[in-house]
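Trainee: Starting off with a structure, shown below.
What follows is calculated from the coordinates using simple rules that are stated; it is not laboratory data. This is a predicted model, so every value here is computed, not measured. Virtual Cβ from ideal backbone geometry, glycine too; neighbours counted across all protein chains shown.
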Amino acid sequence: MDRENQEDLLEIEPCYLNHSERVSHHSEKVKKSLINRLNRIEGQIRGVKGLIEKDTYCDDVITQVSAIQSALNSFSKVLLENHLKSCVTERIQEGDLEVVDELLVTIQRLMKK
């Protein structure tokens, strides 16, 4: 882990107040990066909508849809990495091994795509 990522992790708060009130705790830098990615994806989706409205050739639209799927997969990987390095690690250190089963379900959902 590089120094910048270590510093980001030092800025985080606990991932849950109690088991019924879990929250994420991304640093402002990570949150900004995730939001920027989502904004780009949102723009790509609007672009595809425009292509459909202009009767663009289907193969060209499919190429853009593929790019959107790739961008969403990248977003998911970043989010999962941060989740592993923060929430999952923290909960395991606290002896909450239920998080492992939760993580397995999450990974299975991501792999269905």
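Trainee: Run the quick spin-label model on residue 104 and residue 92: label points 7 Å from Cα toward the beta carbon, then report their separation in nm to one decimal.
Mentor: Once both label points are built, they end up 1.4 nm from each other.
Trainee: Bins of 10 Å, beginning at zero and ending with the bin holding the largest distance: percent of Cα pairs per bin for segment 58-113, please.
Mentor: For segment 58-113, the pair-distance distribution reads 21, 38, 23, 12, 5, 0.
Trainee: Turning to a different aspect of this structure: If you stretched the chain out fully between residue 63 and residue 39, how much longer would it get, using 0.36 nm times the residue separation minus the C-alpha to C-alpha distance?
Mentor: On the way: separation 24, 0.36 × 24 = 8.64 nm, distance 1.93 nm.
Computed gain between residue 63 and residue 39 is 6.7 nm.
Trainee: Just tell me which lysines come within less than 30 Å, Cα to Cα, of residue 32; anything on the same chain fewer than 8 places away is out.
Mentor: Counting by Cα, and skipping residues close in sequence, residue 32 has these lysines nearby: 49, 77, 85, 112, 113.
Trainee: A follow-up question, please. Arranged from highest to lowest average of other beta-carbon atoms within 10 Å per residue, in what order do the peptides 40-46, 56-62 appear?
Mentor: On the way: 40-46: 13.4, 56-62: 11.1.
Going from most to least packed, we get 40-46, 56-62.
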